[in-house]
Ligand SMILES: C[S@@+](CC[C@H](N)C(=O)[O-])C[C@H]1O[C@@H](n2cnc3c(N)ncnc32)[C@H](O)[C@@H]1O
């Protein structure tokens, strides 16, 4: 299978996007995040930069400085993790650099996604959508924001593209313009995998 583009339209700090990208590096050519919150986007950009040696080196230097100033265990552990990630990035097979970036947009608005993706299509969407405790739907969100986001994604999905949504159990994971291929539970989250009809 050709390397694919992975997109998270509600990426938050980009934590899950970065982890999926590290775990499936060889299957990917580009990783893109979006969030309505500009502060989250900045954070996602920093986390996504760790997918490249330069970003990882920048973070290593920051952590060395922090450790020298404060001597915290958390900084020592993070340095150890950075070394492991570096080993993983350098391990064979030697892959071309992965493009990884994030932008600010309301994921329920198709035009905003199209504009920022500038003609790109995405092969796989994975998103842990707002679940209402510390994280809420924002922006122009309609009364059915997940439905609106699935509508918006139809503008940028590649043919045969897949959309995986993780949501609270109370959210109805269905949309008339998608076939639901699978649904399962992980802890308190329900995950559904869709393909556009
Ligand atoms: C559950 S969090 C995602 C956490 C993320 N998976 C991570 O690894 O950090 C949901 C995110 O959706 C974002 N969000 C809320 N409404 C949105 C919208 N209309 N468009 C895009 N993002 C939105 C919130 O700002 C929040 O960062």
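The values are calculated or read from the model by the stated rules, or taken from the named source; none is laboratory data. On a predicted model such as this, the values are computed, not experimentally measured, just so you know. For neighbour counting, all protein chains shown are included, and Cβ atoms are generated from backbone atoms with ideal geometry for every residue, glycine included.
Some observations on this one:
- The residues listed here are 53, 23; of these, the one that is more than 11 Å from the ligand (Cβ to nearest atom), touching a residue at least 24 places away in the same chain (Cβ under 8 Å) and surrounded by fewer than 24 Cβ atoms within 10 Å (Cβ to Cβ) is 53.
- The residue list 68, 118 contains one member that is more than 11 Å from the ligand (Cβ to nearest atom) and not assigned by TED's automatic domain parsing to the domain that holds residue 148, which is 68.
- Residue within the stretch 85-103 that is closer than 30 Å to residue 143 by Cβ and either more than 10 Å from the ligand (Cβ to nearest atom) or surrounded by 17 or more Cβ atoms within 10 Å (Cβ to Cβ) (or both) present: yes
- Criterion: within 20 Å of residue 152 (Cα to Cα), away from the ligand (no atom under 16 Å from the Cβ), at pLDDT 95 or above and not in a helix (DSSP H, G or I) - qualifying residue of 106, 123: 123
- Boolean, residue 40 is without any contact (Cβ under 8 Å) to a residue 40 or more places away in the chain, under 29 Å from residue 112 (Cα atoms), surrounded by 12 or more Cβ atoms within 10 Å (Cβ to Cβ) and assigned by TED's automatic domain parsing to the domain that holds residue 156: yes
- Test: residue in the stretch 13-30 that is out of contact with any strand residue (DSSP E or B) (no Cβ under 6 Å at 6 or more places or on another chain) and more than 28 Å from residue 104 (Cβ to Cβ): yes
- The stretch 65-82, residues that are closer than 17 Å to residue 21 by Cα and more than 23 Å from the chain's Cα centre (by Cα): none
- Of all the criteria given as (1) touching a helix residue (DSSP H, G or I) at 6+ places or on another chain (Cβ under 8 Å); (2) at pLDDT 95 or above; (3) more than 12 Å from the ligand (Cβ to nearest atom), the one not satisfied by residue 158 is (1).
- The one condition from (1) within 20 Å of residue 106 (Cα to Cα); (2) touching a residue at least 24 places away in the same chain (Cβ under 8 Å); (3) assigned to a helix (DSSP H, G or I); (4) within 11 Å of the ligand (Cβ to nearest atom) that residue 45 does not meet is (4).
- Which numbered condition residue 10 misses (of (1) part of a helix (DSSP H, G or I); (2) in contact with a helix residue (DSSP H, G or I) (Cβ under 8 Å, 6 or more places away or on another chain)): (1)
- Tallying residues that are surrounded by 15 or more Cβ atoms within 10 Å (Cβ to Cβ), in a strand (DSSP E or B) and in contact (Cβ under 8 Å) with a residue 60 or more places away in the chain within the stretch 128-162 yields 1.
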